[in-house]
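Participant: I'd like to ask some things about the structure below.
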Amino acid sequence: MALQQSNHWFALIIGNSRQHWALFSGEHLSQTWHLTPGEFAHNPAQDYPNLPCWGASVGSLPLHQVYPTAIALTLKDIPIPRMYPTLGIDRALALWGALQVYGAPVCVVDAGTALTLTLANARGEFAGGVILPGLGLMARALAEYTAALPCVAFPTEAPPRWGTTTNTAIESGLYYGTAAILHAYLGAFFEEYAQGTLVVTGGDRSLISQLLKTFLDPHRWCEDDHLAFWGIRALRNSTAKIEMQPMERID
């Protein structure tokens, strides 16, 4: 499909297990793709060739191997003060996007292969974070590193708290154990930043929201699967500093 070169462009993030593509028309997000390894061979660039692309890779696959002409973003391109040198570019992009759309202070919960929490304080500075195994990784680890435990899917609804079988015991541990971890960290976040914003992103965001309902009012957080794309959009637009007033979310 032919598109106007001056108006359309790609944002691309190569993650640990998937490729995340977004097609923009100027400021507006037109379409997204979240490709699994079996889908890598046919990516959106084949349908929309020769468009400008901005992106980053956090996986083993280099960005330029997927899109040779892409502009590769690095941590140095993201103007968030106090970031440490090995902070993942995906976490930084998501935090930068959250600052643009939701303002500061903000906590981003990214539920992907890893489960991460990333904070910015009221001044828009990086304020630390947490890295945990992702929801699927937790379940697989029990099966892969024990002799007899099965691989049990993360529950989509609240299971019995006290399991009466091996499977239900694992379900309880996954569900309520993860909820307890989130409760501890997010309780500390809201204790320090009472007016802070909590944003959940990533492929397992709906499961995280299910857990948050066990201890938070639903109005205390929102889901946004496009945070990193908002961050790339802001960098493409050459944002020079963190705007403390939220930008309009355009999708």
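Participant: Count charges around Ala139 for me, please; just the other residues with Cβ under 15 Å from its Cβ, Lys/Arg as +1, Asp/Glu as -1.
Facilitator: Combined, the nearby Lys, Arg, Asp and Glu give -2.
Participant: Using label points projected 7 Å from each Cα along Cα→Cβ, tell me how many nm separate Thr156 and Ala143, to one decimal.
Facilitator: Simple spin-label model gives 1.7 nm for this pair.
Participant: Let me know the shape class of the chain, please: from the alpha-carbon gyration tensor, a ≥ b ≥ c as square roots of the eigenvalues, rounded when a/c is under 1.5, otherwise prolate if a/b is greater than b/c, or oblate.
Facilitator: Oblate shape, in that a/c is at least 1.5 and b/c is the bigger or equal ratio.
Participant: Rg (Å, one decimal) plus Dmax (Å, integer) for the alpha carbons of segment 8-72?
Facilitator: Here Rg and the maximum Cα pair distance are 10.8, 30 Å.
Participant: Kindly work out what percent of the DSSP beta bridges joining two residues of the chain are antiparallel, to the nearest 5.
Facilitator: Around 65 percent antiparallel, to the nearest 5.
Participant: Taking the beta-carbon count within 10 Å as an exposure proxy, list Trp33, Trp96 from fewest neighbours to most.
Facilitator: Ordered by Cβ neighbours within 10 Å, fewest first: Trp33, Trp96.
Participant: I've got another one for you. Determine the relative contact order of segment 8-72: mean sequence separation of Cα pairs under 8 Å and six or more apart, normalised by residue count, in whole percent.
Facilitator: Reported relative contact order: 34 percent.
Participant: Another question about this same structure. Please give the peptides 23-30, 132-139 ranked by average Cβ packing (other Cβ atoms within 10 Å per residue), highest first, as a rough proxy for protection.
Facilitator: 132-139, 23-30
Participant: Running a GNM on the chain with Cα contacts under 10 Å, which residue among Gln210, Gln100, Gln65 ends up with the highest mean-square fluctuation?
Facilitator: The residue that fluctuates most here is Gln65.
Participant: Measuring from a point 7 Å past the Cα of Glu223 along Cα-to-C-beta, which residues in segment 143-185 have an amide N at less than 13 Å?
Facilitator: Under 13 Å, as judged by backbone N against the label point of Glu223, lie 156-157 of segment 143-185.
Participant: Using helices alone, what [θ] at 222 nm do you get for the chain, with -39,500 (n - 2.57) per DSSP H run of 4 or more residues, divided over all residues and rounded to the nearest 500?
Facilitator: -9500 deg cm²/dmol
Participant: How high is the FRET efficiency from Tyr84 to Ala180, r the C-beta distance, R0 25 Å, rounded to 0.05?
Facilitator: The computed FRET efficiency comes out at 0.40.
Participant: Is there a quick way to get the dipole size of the chain? I mean about its Cα centre, with the Cβ of Lys and Arg at +1 and of Asp and Glu at -1; what is the value in debye to the nearest 20?
Facilitator: So the magnitude is around 360 debye.
Participant: I want to check the label-to-label distance for His28 and Gln195. Put each point 7 Å from Cα in the C-beta direction and report it in nm to one decimal.
Facilitator: Label-label distance for His28 and Gln195, simple model: 3.3 nm.
Participant: Lys and Arg at +1, Asp and Glu at -1: add these up for the other residues within a Cβ distance under 15 Å of Leu87 and post the number.
Facilitator: After counting each charged neighbour, the total is -1.
Participant: Using every alpha carbon pair in segment 89-231, what percent of pairs falls into each 5 Å bin from 0 up to the bin containing the largest distance?
Facilitator: 2, 10, 20, 22, 18, 12, 8, 5, 2, 0
Participant: Using only alpha carbon pairs under 8 Å that are at least six residues apart, calculate the relative contact order of the chain and give it in whole percent.
Facilitator: In percent, rounded to a whole number, it is 20.
Each reported figure results from applying straightforward, stated rules to the coordinates on display, with no laboratory input. Worth saying up front: this structure is predicted, and the values here are computed from it rather than measured. Methodologically, a virtual Cβ is constructed for each residue, glycine included, from the backbone with ideal geometry; neighbour enumeration extends over all protein chains shown.
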